[in-house]
Amino acid sequence: MKQQKKINKSILFITVTFPPRLSVASLRLYHYSKLFIKNGWTVKIISAKQYGEMTSHEFDLDELEIIDVNWKDPFDRIQRIRHPLIRKIIFKSMNTFVPYLSTWLPDYRFKTWRKSVFKKSIELIEKDDINYIYSSFSPPSPLMVSKQLKQRYPHITWIAEFRDLMSYSHGLSKFKRPFSFIHSYFEKKILKNADEILCVSQGHADFLKSKLNREVNTLYNGCDFESYTTIQKNKNNSFTILYSGHLYLRKYNFTMFFKALSRVIQKTDKPIKFIFLGTNKNRNLLRLINDLKLKEVVEFKKKIPNHEVRHFQKSADLLIHFCWNDKTQNGNLTGKLFEYISSRTPILSIGDQSEVQKLIKETHSGKMCNNSNEIENFIKEIINNELILEPLTNENCLYSKETQFKLLEKRLLKF
């Protein structure tokens, strides 16, 4: 009987952000690289150190071989300027010509990094017999390097990941948006030989599929229910509502939410506390809070490591999520939503986005509301009758990181 050839499961991650750097992108890539290792893959990671980046000791990096490639970052000297106003002025001026985190080619900032990464990648591929490359956008440089490597080594399977859209990204300036269709031409050329293209949402995958005219798959940031099972839920003296992370004021309908919350406070005797965790104090947000007389209710807490954030999410009585109100950007899903679902704390999602609604509904995690009365009624309902969510596991949930990884691995091993 003829024996089946054993597949060499060796993969090289190419990304500008990876732990110990603390960021949403780092968390996604960290968890999936660990799942590759857990399932018998040999994993190498090429990344970039950036001056002034926020790091954390929460990551277990013992099993990971991380190579931080040396490069000349044009922003290094600016970051070292002590005077905050001068630093800000110079940074904004330079950012006009050399974007700090580009969504647009040619990505000047990482030019020297690309050259060094290309050389280092060749060395690793030939030394360690690498069969797969996983490159993560943004910025475009990891994709640009991977394209060169694929041309040099056609037998390698190349996975191109998009944490955001590129040519049609929500982060594009008003000047660049009208030229998106032209830039899309260069994006297609880069991705021409990619074997697997991934997006973080079905909305983005469908959009990119229509532009590239080829298969694009979804790899959600995914849930990790196990990471919350050992966390003790603390009892609160007041009904605690939590929002964690950045708040996109122009994209979220936060005004409608806080007006509804103000009415709830007036109609209930139970003390209510709203916590912003790791959210910047914006003038418009502070003005709204003051106008609605919510200053004593709202508390801002500084950004903390992700493992500490989980304790706040677990102990809150209600978690707030905002959908993007820009219908042209359907599919902007944050990793935070999957953290919320994993915590099994009820979620109130503000807005109207079918993919988010599907995720919340299929995991029985809360409710999506699109008008002020619905928001008010749902909060009052949770205050009066505690909502206990059914437990889920990494094994039985389609949206867990483990299940998402298995679907990806099954596709990759067919190449």
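The values are calculated or read from the model by the stated rules, or taken from the named source; none is laboratory data. Note that this is a predicted model, so its numbers are computed, not measured. With ideal geometry, Cβ positions are generated from the backbone for all residues, glycine too; neighbour counts draw on all protein chains shown.
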When you check Ser93 against the structure, is it over 30 Å from Ile182 (Cβ atoms), at pLDDT below 90, part of a helix (DSSP H, G or I) and hydroxyl-bearing (Ser, Thr, Tyr), yes or no?
no
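Here's the yes/no breakdown for (1) over 16 Å from Ala25 (Cα atoms); (2) assigned to a loop (DSSP other than H, G, I, E, B); (3) of a type in the set (D, E, K, R):
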{"position": "Gly52", "(1), (2), (3)": "yes, yes, no"}
{"position": "Glu63", "(1), (2), (3)": "yes, yes, yes"}
{"position": "Asp73", "(1), (2), (3)": "yes, yes, yes"}
{"position": "Lys88", "(1), (2), (3)": "yes, no, yes"}
{"position": "Thr103", "(1), (2), (3)": "no, yes, no"}
{"position": "Arg109", "(1), (2), (3)": "yes, no, yes"}
Going by the conditions given, is Lys174 surrounded by fewer than 17 Cβ atoms within 10 Å (Cβ to Cβ), more than 22 Å from Val24 (Cα to Cα) and either charged (D, E, K, R) or touching a residue at least 24 places away in the same chain (Cβ under 8 Å) (or both)?
yes
Of those in region 232-245 that are assigned to a loop (DSSP other than H, G, I, E, B) and within 21 Å of Ile375 (Cβ to Cβ), the residue modelled with the lowest pLDDT is Asn236
Out of Lys303, Lys267, sole residue that is touching a residue at least 12 places away in the same chain (Cβ under 8 Å), farther than 18 Å from Cys369 by Cβ and either among the charged types (D, E, K, R) or outside the structural domain of Thr334 (by TED's automatic domain parsing) (or both)
Lys303
When region 216-237 is checked residue by residue, the ones that are within 22 Å of the chain's Cα centre (by Cα) and not aromatic (Phe, Trp, Tyr) are Val216, Asn217, Thr218, Leu219, Asn221, Gly222, Cys223, Asp224, Glu226, Ser227
Residue match in region 21-42 (condition: in a loop (DSSP other than H, G, I, E, B), under 21 Å from the mean Cα position of the chain (by Cα) and touching a residue at least 60 places away in the same chain (Cβ under 8 Å)):
yes
Selection within region 288-297 - of a type outside the set (A, V, I, L, M, F, W, C) and assigned to a helix (DSSP H, G or I):
Asn290, Asp291
Among the residues of region 124-142, is any assigned by TED's automatic domain parsing to the domain that holds Leu212, in contact with a strand residue (DSSP E or B) (Cβ under 6 Å, 6 or more places away or on another chain), part of a helix (DSSP H, G or I) and at pLDDT 95 or above?
yes
Restricting to region 64-79, name every residue that is farther than 21 Å from Glu123 by Cβ and either touching a strand residue (DSSP E or B) at 6+ places or on another chain (Cβ under 8 Å) or outside the structural domain of Tyr51 (by TED's automatic domain parsing) (or both).
none
Selection from region 253-287 of residues that are farther than 21 Å from Glu339 by Cα, among the aliphatic types (A, V, I, L, M) and not in a helix (DSSP H, G or I)
Ile272
Of the conditions (1) outside the structural domain of Asp164 (by TED's automatic domain parsing); (2) part of a helix (DSSP H, G or I); (3) in contact (Cβ under 8 Å) with a residue 24 or more places away in the chain, Ala205 fails just one. Which one is it?
(1)
I'd like the full set of residues that are farther than 15 Å from Leu412 by Cα and crowded, with 19+ Cβ neighbours inside 10 Å, limited to region 213-223.
Tyr220, Asn221, Gly222, Cys223
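Condition check ((1) surrounded by 16 or more Cβ atoms within 10 Å (Cβ to Cβ); (2) at negative phi) across all residues:
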position: Gly351; (1), (2): yes, no
position: Ser365; (1), (2): yes, yes
position: Glu386; (1), (2): no, yes
position: Leu392; (1), (2): yes, yes
position: Leu412; (1), (2): yes, yes
Here are Ser210, Ser116: which of them is loosely packed, with under 15 Cβ neighbours inside 10 Å and hydroxyl-bearing (Ser, Thr, Tyr)?
Ser210
Would you check if there is a residue in region 310-321 being assigned by TED's automatic domain parsing to the domain that holds Val264 and more than 19 Å from Phe225 (Cα to Cα)?
no
